[in-house]
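Every read-out reported here was derived from the displayed coordinates using simple, explicitly stated rules and does not represent laboratory data. Everything numeric here is computed off the predicted structure, so don't read it as measured data. Every residue, glycine as well, gets a Cβ built from its backbone with ideal geometry; the counts of neighbours run over all protein chains shown.
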Amino acid sequence: MATWMDSIARGWLIYELTNSSFQLGLVRGVQAIPMLLLSPIAGSAADLYSRKTQILIAQILNGLLFAWIAVMIITGAIEPWHVYVTSLGLATVQTFQQPARVAMVSDTVPPAYLTNALGLNAVVFNMARSAGPALAGGVIAMYGTAGSYSLQALCYFLATIWTLMLRRDQSRFAGRLDSTGQPESFGRTIVEGWQFSWRNYEVRVSLLVVSIAMLLLIPFTTLLPIFARDILRVGAKGQGLLLTSMGIGALFSSVVVASVGERLPRGIIIIGGVTIYGILVGMFAASTWFPLSIVLMLFIGFCHVTSHALIQIVIQSYSPAEIRGRTMAIFHMTQVILVIGAMLVGGLASLVGARWAAASMSLTGTILMVAIFVLMPKASKIL
């Protein structure tokens, strides 16, 4: 909840301080730097050391950073550089938090319930994604950005207290020895994670599919303000309804994954879901009728979460416990590809317009997914 609140509060704060749309985007872009550089290290740390401790440290630092921003705003000392420094700090902390958090789900539940557990995790994620920005907007309207950051800090400190209540987590993998009897080097564990991700067919296919989606399909949401204002002519309120519709589809999809669980044929749903996602984005780009666009966003949200959640499940299912943190770190690095895709679709839109940019990229992604289905027949048979 606190993280999604920050997605609104941080942009609002930097815009209040600078009145610059360029810095509005830049403050988000800098968060990709730690994710790109530190994700392999974070994954190895999640495999070598206590995952619970890693999460606790990350949550405490997150809470302190949010509290510091709140104090700086209240005292009137806040400056743009504070926002940038804390953006980098938060991105760094979250880079270390994500692989440990996701890997702990697999550590906690029996393999037969992994799909259900990750589906339930997606339900909570999408509920927070829907409620967090709305809560931040309401708090900012009443108490300013200081109020939002104070509440965000409180959320993280509460999460820290509840994390302490989890059972003791002693790493089963720390202190491993290499072939010479010496402790395995940290650098070697990073290389080992990349090697496994490439050699394991199921993990490799999953990372390929999610990379295509992040680069060519999902970035269309960057252009939603243009669609809402200039094409559908529904303004900011209409953009909110489009995002809400996508969120409802995502939430319903999460419930399906959590309920049906292991009965889902993962490979065909992953490839088919991303393929349909691309077709739906192309239809959305062509639509000039707002009710149709609302319906399309509903199904886009459904396809996105179904395929995205199952990709995580496949990666975790086919990764041994001692390497799972590293494979999930590589999975989270695809967020950097999303940033590149957002810049690509934005640049393309400036040349050919938003509709053609979204449609051409989605068509390319759909063609690539069909190529995977045809050229890699075992991919659709992944269980």
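Adding -39500 (n - 2.57) for every DSSP H run of four residues or longer, then dividing by how many residues the chain holds, sets the calculated 222 nm ellipticity at -27000 deg cm²/dmol.
Rounded to the nearest Hz, the phi-derived 3J(HN,Hα) couplings of region 319-328 under the Karplus curve 6.51 cos²θ - 1.76 cosθ + 1.60 (θ = phi - 60°) are 9, x, 4, 6, 10, 5, x, 6, 5, 6, where x marks glycine and proline.
For the chain, averaging the sequence separation of C-alpha pairs within contact (under 8 Å, six or more residues apart) and dividing by the residue count gives a relative contact order of 27 percent. Taken over region 1-121, the convex hull of the Cα atoms encloses 111 Å³ per residue.
Putting +1 on Lys and Arg Cβ atoms and -1 on Asp and Glu Cβ atoms, find which of 220, 280, 321 reaches farthest to the positive end of the dipole of region 196-376. So the residue furthest toward the plus end is 220.
Phi angles of region 270-281 translate, via the Karplus equation with coefficients 6.51, -1.76, 1.60 and θ = phi - 60°, into HN-Hα couplings of 4, 5, x, x, 5, 4, 5, 3, x, 5, 5, 5 Hz per residue; Gly and Pro are given as x.
Taking every alpha-carbon pair in region 75-134 and binning the separations at 5 Å intervals from zero gives 4, 14, 14, 16, 18, 13, 9, 5, 4, 2, 1 percent. With N the number of residues in region 196-376, Rg(Cα) / (2.2 N^0.38 Å) evaluates to 1.04.
Centre-to-centre separation between the Cα atoms of region 201-265 and those of region 41-106: 26 Å.
Subtracting the Cα-Cα distance of residue 79 and residue 199 from their residue separation scaled by 0.36 nm leaves 38.4 nm.
Once both labels are positioned 7 Å from their Cα atoms along Cα-to-Cβ, the gap between residue 343 and residue 367 label points is 2.4 nm.
Among 235, 138, 76, the residue with the largest mean-square fluctuation in a Gaussian network model of the chain, with springs joining Cα atoms closer than 10 Å, is 76.
With Rh defined as the Kirkwood radius, the inverse of the mean 1/r over Cα pairs, the Rg/Rh of the chain is 0.96. Using Cβ point charges alone (K and R +1, D and E -1), the dipole size of region 1-134 about the Cα centre works out to roughly 180 debye. Derived value for region 222-290: Kirkwood hydrodynamic radius 13.8 Å. Basis is the mean of 1/r over every pair of different alpha-carbon atoms. Seen from all directions on average, region 286-383 presents a Cα convex hull projection of 7.9 nm². Under the criterion of Cα pairs below 8 Å and six or more residues apart, the relative contact order for region 225-361 equals 29 percent. Farthest toward the positive end of the dipole of the chain, out of 89, 138, 367, is the Cα of 367, where the dipole comes from beta carbon charges about the Cα centre. Summing charges over neighbours of residue 102, with a neighbour being any other residue whose Cβ is under 11 Å away from its Cβ, gives +2 when K and R count +1 and D and E count -1.
Remark: spin-label model distance residue 158-residue 33 equals 3.3 nm, labels positioned 7 Å along the Cα→Cβ axis. Only one residue of 196, 332, 258 has its Cα farthest out toward the positive end of the dipole of region 196-376, where Lys and Arg carry +1 and Asp and Glu -1 on Cβ, and that residue is 332. Net charge dipole, the chain: roughly 500 debye, given to the nearest 20, about the Cα centre with Cβ charges of +1 for Lys and Arg and -1 for Asp and Glu. The dipole here belongs to region 196-376: it is taken about the Cα centre, uses +1 on the Cβ of Lys and Arg and -1 on the Cβ of Asp and Glu, and is about 100 debye.
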